[in-house]
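A.B. asks: Dropping a structure here in structure tokens format, bear with me for questions.
Readers should treat all values here as calculations from the given coordinates under stated rules, not as data from a laboratory. For clarity, every value in this text was computed on a predicted model and none was experimentally measured. Positions of Cβ are generated from backbone atoms using ideal geometry, with glycine treated the same way; all protein chains shown enter the neighbour counts.
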Amino acid sequence: MHQGISGVILAGGRGMRMGGEDKGLMPIGGITLYQYVLARLRPQVSSIAISANRNQARYQTSGLPVIGDLTPDFSGPLAGMLAGLEQATSEWVAFVPCDVPDFPTTLIEQFWLQKSTSLATYASDGERDHPTLALLHISLAPKLADYLAQGKCKLMLFLESIGAQQVIFKGQQSAFHNLNTPEDFQHWQMERGLHNE
């Protein structure tokens, strides 16, 4: 666990491929999806907040702070990241999406070890980039605010513009699989022999 790093679970999406359902609150084996992510993130950071724009009261039952986007137009993960950076209690903030429940247990440690002099890192499995799993320094907040103010919302382009360091988790493609559709949820549940209560 890194004392200087707080964590934010990004649960602010619209869940278009889930028929508009709030993915983080979908149950798997009687437990909501974001709680699997929370359990995996908790040992890796010093504190956690949830970035959510809907159902905030339900997320608040976790006892964690819930942060809404500063812009009302669902600007994608960058808006949640900006809100997370601006309300951070530490110098560094790690971000993970609410729909990637198997992300590596060494994610934050590897970000920290491999960031070099960069103010940001993001994950790759060696074949694909996964920029919603990232570590950012709070000093990036003004740059990110400017980027969003220009109407830009592409996360990977922002990370490239600030010289973010790519961190490769070789041979761990399945760790970055995100649950987007009802079929994804069903498959993940069956793989683990879980049953909805």
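A.B. asks: Nearest 500 deg cm²/dmol is fine: what mean residue ellipticity at 222 nm does the chain get from its DSSP H runs of n ≥ 4 alone, each adding -39,500 (n - 2.57), divided by its residue count?
C.D. replies: -8000 deg cm²/dmol
A.B. asks: Order these by the 10 Å Cβ neighbour count, fewest first: Ser116, Ser47.
C.D. replies: In order of increasing Cβ crowding within 10 Å: Ser116, Ser47.
A.B. asks: Still on this structure, I have one more. Rg (Å, one decimal) plus Dmax (Å, integer) for the alpha carbons of the range 2-191?
C.D. replies: Rg and Dmax of the range 2-191, Cα atoms, are 15.4, 44 Å.
A.B. asks: Quick one: putting +1 on the C-beta of Lys and Arg, -1 on the C-beta of Asp and Glu, what dipole do you get for the chain around its Cα centre, in Debye to the nearest 20?
C.D. replies: 160
A.B. asks: What's the exposure ranking of Met190, Met81, Met156, Met26, going from fewest to most Cβ atoms within 10 Å?
C.D. replies: Met190, Met156, Met26, Met81
A.B. asks: A further question on this structure: Ranking Trp92, Trp188 by Cβ neighbours within 10 Å, fewest first, what do you get?
C.D. replies: Numbers: Trp92 24, Trp188 18.
Taking fewest neighbouring Cβ atoms as first place, the list is Trp188, Trp92.
A.B. asks: Lys/Arg Cβ at +1, Asp/Glu Cβ at -1, dipole of the chain taken about the Cα centre: which of Trp92, Gln110, Gly24 is farthest positive-ward?
C.D. replies: The residue sitting farthest along the positive end of the dipole is Trp92.
A.B. asks: Work out how much length Gln114 to Arg58 would gain on full extension: take 0.36 nm times their residue separation and subtract the Cα-Cα distance, in nm to one decimal.
C.D. replies: Value of the extension gain: 16.6 nm.
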